Structure formats: C-alpha cells, structure tokens
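Here is the structure we will look at, set down as structure tokens.
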Amino acid sequence: MKKLIYITLFINFFSATIIFSQKGNYSSLLIPPELKQDANAVVRDNSIEITIESIDKMIVRKKMVVTVLNKLGNVDARMGESYDNDTKITNLSAYIYNAFGKQIKKYKERDFLDVSAVNGGTLYSDSRVKYVDYTPISYPYTVVFESEYKTSTTGFVPGWFPVNGYYVSVESSTYKIHNSNKIPWRIKKTNFKNFDITTTESNVKLSYQLKNQLAYKYERNAISSRKILPKLALTLNRFKLKGVVGEYTNWKGFGKWMYQKLLTGRDQLDEETVLKMKELVKGETDPIEKAKIVYKYMQEKTRYISVQVGIGGWEPIAANRVDDVGYGDCKGLTNYTKALLDAVGVTSYYTVVYADEKRDIDKDFASMQGNHVILNLPNKGKDIWLECTSQSMPFGFLGDFTDDRNVVVITPEGGVVKRTASYKDETNLQNVSAKIQLLENGDLKAKLERVSKGLQYDDKFGYEKQGEKELIKHYKSKVWNYNNNLEIESVSIKNNKDSIIFNEDLKVNISNYATVSEAEYLFRVNVFNKESFVPKRYRKRKLPLKIARGYKDIDEYVFKIPKGYTLPLLPQLKEITSKFGIYKVNFEKVNETTFKYKKSILIKEGVYPKEDYKAYRSFRRSIAKYENLRIAIIKKS
C-alpha cells in the first residue's frame, strides 16, 4: 500500500513538473488522446492577428505551436516567413521542445537561414524567405514559431486555413483582423457549416476560432481536402500592390485594373521583331494558322525558367526584354507571346489560372487568385488555350496541368471567367494493336503499335526527349514490368503535334511466357495492357469517391499459335457494366491457328457518394480478376 502511494505521489509530482516548469505547457503528454488519433501532427495553437491601418500599411502577427508526432507531420511544422522590398520582418523566433516539454533548441532571427524565395532561373525577384531547417532527433517534438511583419502591399491579405489538411488535428486555431479605418472589404467563408467555429463579425473587426477538431484520415480516391475543410478568404476593395493602387469588387473590375496597371505598356516589341513576325506569316490570312506559326517561333526561341505568380510579383517582364534574353517565367512568356500575336493582328488575352492541382478560380469571389498564367485565343466561340512555358506542347493543347478549370481572362474591358478545355473519358484514348506469335518453347514474339490521344497523349509525348536506352528501361520497369523476361528488340516513336497523337511501334520478345507441358500450352491472353488496380478496402467509408480522370483503352491482339497445337473453344463475351464504366472482352476465331483478343475498358470521371465506393471496388476487382485470364491450347495427338 505504501509502495502504491509512493508511485502515485511520484507520478503526480512528475506531471506537475512537466506542467509548471515550462512556459506554455508544451508537453505532448497533455494532448487529449482523441486528437492524436489519425494525426501526424497536432496544432496546439495557431493564431493570426492582422491590423490594417491603411491601404498601404498592414501588420501581421502569427504564432504557431505544433506537436509533430511522426516524420510525416514535419510538413505541418514549417518555420519560415517571406519578405521583400515592401515587407519588413519585425519579429522572428522559433523554439523546439521535446516530448516532455523541455526546450532543446532556440532560434532568434539571426539564426534563420535567409535565401531567395524563387529558384535560380528567375529574371528578377526581390522576394526572399527566412526559415529554420530543423532535423528532428526524436518524436514527438513541439515547435513554437512566432513572427511579425509590416508591409505596404495589401493586395494579399492572409486568409485562414484552420486545418492544414488530412492527418492534422487542431486544439485551437484563431484568426483576428482589425480594420479601424473601415476600409471596405469582402470575405468568403467556405465549409464553415460543418465545423464548430466561433464567429464575431463587424465592419471594423472579424474574429474566428476553431477548437478541438479531430484529424481527417485520408481515404484512397477521395476528394481534395479543400472541398471539405473550412477556409476564409478576405480581400480589400481598395489596396496597394507593389506600390500600385488597385480597386475592384468583381472580376470585371479586377481584369480592368490588371490590364491597365500591370499589363499596358509591357507588350512593346522592337520594330525589327514586329517586321520579322509579319514576314513570318506573309501570305497567311487565317488567324489561327498565323497563331500556330507564331507559337512555334516562340517555342523555338525561348525557354521557361519558373512558374511564380504572387512570388515574383504580378507584373510580367516587358516583352522586348524577353525578346532580347530568350527566356522568362510564365508571366513573361505569356505576355511575350501575346505581343508577338498582336504584331500579326491576332487577338489573344493574358489569363490567370491555378495550375497543376485541378482547382478553380472562385468565380463568385474576385481576389488575387491563381499561381500560373496561360494565353487565351478567342475563336468563333471556341476558345483556344496556349501553354507558353513549354517548348514541346502542341498548339492548343493544355494537358492535365491547366485543363478543365475556371480561369480569369484579362481583357481591356475587364476580367471574364471562362473554363479551359477539358479531356473527358473517351477523349483520353489509348489503342494497342499487336500481332503475336506464340513459339513452341513458350516464348512470345510480338509486333505492336500503341496510339495515344488526349491525356494519354499527355502522359507519353515526353518520351521523345528520352534516349533509346532510357526509353527501353521505362517500358521494362514501368509499363510492362509484370512481364518477366521481356526484351525490346526495337522501338520507334512519332509525336504528331498537328493531330495531337502519339504513336509507338515496338518489336518485343518475352522468354518463357507460356507454361508448356506435354499436353497443353497455358498463357495469359492480356499481354500488353494489364488493368490490375483494385481500390483499398474500407470497412466504413467516410469520404466521397472521386475518379479524377476518365479514360478509354482499346486493345486488339492477333494470336498465332505454335505448330502442333489446336485451339480449344474460346471464352464467350465478357461484359461488366456499372455507373463507373464498362469493361468488355471478346474472342474471335480467325482460323485453326489464329484468334483475336479484343478488350475495351471505359472509366468515367466523376464524384460519387461514399456509399458507392464498395460497388466501385467490386467493379475494379472483377476487372482485375478477368485480366489474368489464361487460355490453354491443346497439343495435337
């Protein structure tokens, strides 16, 4: 009994020491167990306080306390702050605590690394970042990061993202903004209704807090966390951006301001270049054909160096400077291409977009959005879109980098929200045709052609940059890695940019492909396009199902069987149909020694209720099972 009392007193004393010996109580032992569940990191306290004193003076104070539970949570404990010629950091510090709340590292502003915020290929940028590069020695650990900066640029008011993403829980996240001079502003709250957020709002002050939010566990084929987690965006109706006064309340006004203040005057070219462009399109009257000629010229003359809207400023480098140096970022190259088209009388418009992750410009909330720029060519109601940072992208093709999303087209009359070209389902076509000879010893020889369109073209047109050895390695290790003993005898590729079709012609050998016995010859009929994907099983699905990209594959193989064997009765038509797509396999006997294998699979893009996930998994599992179909041919007696 005395021993039990002693242990209890020791535990209480030890706990009290943890709690009271460290300012802020940063022991990971104090985190409620439910907040650790499914979490890689726990946000103990994340507070942002913004004071807007005028349209050219804003003060931002931040404090972030994050306990990182494992190495996957390191990404949620970034310690850094950006600055430039318009932004001055006035306070910066970071402290690291171990699992028991004991301080093990301290960083003052002088200890932070100070580097350029953009890569080495930029023409010019004053944007820099001060950050801590901390390598954990054990887990869990806690980061306490505090910063304050003053800026004369108020075009970007920090928003509120109380939950960073999947696998992050939150003890407390607060956002406060003071606007004592009542500068008109607009706010957009997204996904607030599904969260317990305390709100205080007036025309001079906003305050929000989220507490004790459990982590969301990611599920395969789930929607983006942006679709379910809360966020708040705020913008001033009148502001300054890099010394330029701006004012707008809608996309039309935004576009007009951007055109007049950031683009006008930056599209000038030397007369020599203008004359060169006119000579280049001499005799051509069709504006789209002119645009193709100019686009090809631009691709051959320039190279891309970085993608940075918002980092290096929103104003593109002048067209004549890009013309001189032959390179630029997305803004500079797009503006340059527009200037070249202007020179030959072809209308085009600078366009702001979110690139890479498929994400829309919010058409209902005009503000500084986007991270990339492309070019829009109006064409009798059918817009053409140009990616100006690629030296190899076909004219009018975007690929999955910027396809199928809302963008803002900047015209002299103002901004217009449009949607870029989309590549849906059957559009993303791959067609494989092969002539296959099965040899008596079980080896296989094949001559095949693979033709790709749409996003399947996008996946492959980069092959032309690879050497033959590198390409053969790719086929063996990635494309057909399920075929043991595969050797590529020859390969020929052709990138038809005019029709946006990619062709591959190969001769292939596979040793010991079939299992040969005295009586039969057993082989898998699907040689070159095995669909083996089966979604992960969830006992209780919580998130909607998302099929991000639809596609269609059509395969047709002509098999020639070895001498001395006879064809059995071939399998009947196999068809699996669901709301997610259609799978079909058919066999056709040509003669006594030849048969055809025909397969098509269509997968439909879409977002489906979580209740549909089980059916989708069943659909894919049935396909994967039939993809292993084997046929036995019989040896003649």
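FYI, it's all coordinate maths here, none of it is from the lab. Quick caveat, the model's predicted, so the values are computed rather than measured. Virtual Cβ from ideal backbone geometry, glycine too; neighbours counted across all protein chains shown.
Backbone geometry of region 81-93 corresponds, through the Karplus equation with coefficients 6.51, -1.76 and 1.60 at θ = phi - 60°, to 3J(HN,Hα) couplings of 9, 8, 7, 7, 5, 9, 10, 10, 7, 10, 7, 7, 7 Hz, x marking Gly and Pro. Mind checking which lysines have their C-alpha under 16 Å from LYS358, skipping anything on the same chain fewer than 8 residues away? Result set, ordered by chain and number: LYS227, LYS418, LYS424, LYS546. Look at the dipole of region 25-241 built from charges on Cβ: of ALA39, LEU232, THR151, the Cα furthest out on the positive end belongs to LEU232. Computed from Cα atoms alone, the Kirkwood hydrodynamic radius reported for region 251-419 is 15.8 Å. Can you tell me how region 25-241 classifies by the Cα gyration tensor, rounded, prolate or oblate, using a/c under 1.5 as the rounded cut? It comes out oblate by the Cα gyration axes. Relative to the Cα centre, the charge distribution of the chain, modelled as +1 at Lys and Arg Cβ and -1 at Asp and Glu Cβ, gives a dipole magnitude of about 2480 debye. Sequence-ordered 3J(HN,Hα) estimates for region 422-438 from the Karplus curve with 6.51, -1.76 and 1.60 and θ = phi - 60° stand at 10, 10, 10, 6, 4, 4, 8, 9, 10, 10, 10, 10, 9, 10, 10, 10, 8 Hz, glycine and proline given as x.
You can think of it this way: the chain between LYS596 and LEU522 has 25.0 nm of extra reach, that is 0.36 nm per residue less the Cα-Cα gap. Describe numerically, in nm with one decimal, the distance between label points set 7 Å from Cα along Cα→Cβ at HIS178 and at GLU357. Output for this residue pair reads 3.2 nm. In the structure shown, the pairs LYS447/LYS598; LYS494/LYS604; LYS108/LYS150; LYS453/LYS552; LYS231/LYS256; LYS542/LYS604 are assessed against 20 Å; a Cα-Cα span above that value is assigned to LYS494/LYS604; LYS231/LYS256; LYS542/LYS604.
Among beta bridges from DSSP that stay inside the chain, the antiparallel ones total about 90%. By the helix-only formula, in which each DSSP H run with n ≥ 4 contributes -39500 (n - 2.57) and the sum is divided by residues, the chain has a 222 nm mean residue ellipticity of -5000 deg cm²/dmol.
A convex hull fitted to the Cα coordinates of region 338-475 yields 169 cubic angstrom per residue.
Dipole of region 425-635 (Lys/Arg Cβ +1, Asp/Glu Cβ -1, origin at the Cα centre): which of PHE559, ASN485, SER622 lies farthest to the positive side? Farthest towards the positive end: SER622.
Placing unit charges on each Cβ (+1 for Lys and Arg, -1 for Asp and Glu) gives the chain a dipole about its Cα centre, and among ASN441, PRO184, TYR131 the Cα reaching farthest toward its positive end belongs to ASN441. Within the chain, the whole DSSP H helices whose Cα atoms reach 15 Å or more along their own axis and whose mean Kyte-Doolittle score is at least 1.0 are 2-21.
Couplings 3J(HN,Hα) of region 532-539, computed from phi: 10, 5, 10, x, 4, 7, 10, 5 Hz, in residue order, whole Hz [Karplus 6.51 cos²θ - 1.76 cosθ + 1.60, θ = phi - 60°; x for Gly and Pro].
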